[in-house]
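> Sharing a structure, written as structure tokens. Questions coming.
The values are calculated or read from the model by the stated rules, or taken from the named source; none is laboratory data. Not measured: the values here are computed from a predicted model. When we count neighbours, we look across all protein chains shown, and the Cβ atoms used for this are built from the backbone with ideal geometry, even at glycine.
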């Protein structure tokens, strides 16, 4: 990209570094009011911590959708037949990149108890949780969402 002057980067230097070294450099540059161009990705806590913009047109270098990866839930064979409610929950569960950034940041950088972070996130995102629980029933029958609300209150 630098050699081809893509994104107007001619004159920049590529500096190999560790992830933490890169982030420290970028944070220092931001504190000093200087520009820094670096390879960022999502999900990652840097998206919550840094003031950053992704350059448009990176698909030619990183793949479609900024080189987006996909995370899938994998379960043992026969699980869907044995545990249809669990399979339904797994199919319903999706995370947005923003949610992953927030959760990763809260756990990794907030030095916070991950259970507390997850519980707070669940309480702050009832629409997403409702979508995850759609069609999931209790073992004895009936919607699991009502039991879920009660169990959250009991764990305070």
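> For the subset of segment 84-105 comprising residues that are part of a loop (DSSP other than H, G, I, E, B) and within 13 Å of residue 134 (Cα to Cα), which member is modelled with the lowest pLDDT? Even if it seems obvious, please write down each step before you answer.
Initially, segment 84-105 is screened for residues part of a loop (DSSP other than H, G, I, E, B), giving 93-96.
After this cut, where a residue has to be within 13 Å of residue 134 (Cα to Cα) as well, the list is 93-94.
Values: 93: 91, 94: 87.
Out of the qualifying residues, it is 94.
> Here is a further query. Quick check on my filter: what residues within segment 1-18 are in contact (Cβ under 8 Å) with a residue 40 or more places away in the chain and not in a helix (DSSP H, G or I)? Break it down stepwise before answering.
Restricting attention to segment 1-18, the residues satisfying the condition of being in contact (Cβ under 8 Å) with a residue 40 or more places away in the chain are 1, 6-7.
1 - this is the single residue of segment 1-18 that is in contact (Cβ under 8 Å) with a residue 40 or more places away in the chain and not in a helix (DSSP H, G or I).
> Can you tell me how many residues in segment 31-45 are surrounded by 11 or more Cβ atoms within 10 Å (Cβ to Cβ) and over 23 Å from the mean Cα position of the chain (by Cα)?
As a first pass, look at segment 31-45 and keep what is surrounded by 11 or more Cβ atoms within 10 Å (Cβ to Cβ): 36-45.
Going one step further and asking which of them are over 23 Å from the mean Cα position of the chain (by Cα), we end up with 36.
Qualifying residue count, segment 31-45: 1.
> Right, something else. Could you please tell me which pairs satisfy a Cβ distance under 6 Å, a separation of 6+ or placement on different chains, a first residue in segment 19-34 that is closer than 11 Å to residue 50 by Cβ and assigned by TED's automatic domain parsing to the domain that holds residue 47, and a second residue that is at pLDDT 95 or above and surrounded by fewer than 10 Cβ atoms within 10 Å (Cβ to Cβ)?
Final answer for the pair search is none.
> Only one residue in 28, 76 is over 18 Å from the mean Cα position of the chain (by Cα), modelled with pLDDT of 90 or more and outside any helix (DSSP H, G or I), so which one is that?
Working: 28 fails: outside any helix (DSSP H, G or I).
One residue alone meets the criteria, 76.
> Could you give every pair whose Cβ atoms fall below 9 Å, whose first residue belongs to segment 127-156 and is loosely packed, with under 15 Cβ neighbours inside 10 Å, and whose second residue is part of a helix (DSSP H, G or I) and at pLDDT below 75, counting only separations of at least 6 or pairs across chains?
That search, which allows pairs on different chains as well, returns 130/145; 134/145; 138/146; 138/147.
> Examine segment 40-63 for a residue that is at pLDDT 90 or above, closer than 30 Å to residue 12 by Cβ and assigned to a helix (DSSP H, G or I), and state whether such a residue exists.
So far as segment 40-63 goes, yes, one or more of its residues are at pLDDT 90 or above, closer than 30 Å to residue 12 by Cβ and assigned to a helix (DSSP H, G or I).
> Filter segment 65-75 down to residues that are farther than 20 Å from residue 101 by Cα and surrounded by fewer than 10 Cβ atoms within 10 Å (Cβ to Cβ), then give me how many there are. Show your work before the answer.
Going residue by residue through segment 65-75, those that are farther than 20 Å from residue 101 by Cα are 74-75.
Subset that is surrounded by fewer than 10 Cβ atoms within 10 Å (Cβ to Cβ): 74.
Residues flagged as farther than 20 Å from residue 101 by Cα and surrounded by fewer than 10 Cβ atoms within 10 Å (Cβ to Cβ) within segment 65-75 amount to 1.
> Which of the residues belonging to segment 106-149 are at pLDDT below 85 and closer than 21 Å to residue 87 by Cα?
138, 139, 140, 141, 142, 143, 144, 145, 146, 147, 148, 149
> Look at residue 23 and say whether it is within 21 Å of the chain's Cα centre (by Cα), modelled with pLDDT of 90 or more and surrounded by 14 or more Cβ atoms within 10 Å (Cβ to Cβ).
Yes; evaluated as a whole, the condition is true for this residue.
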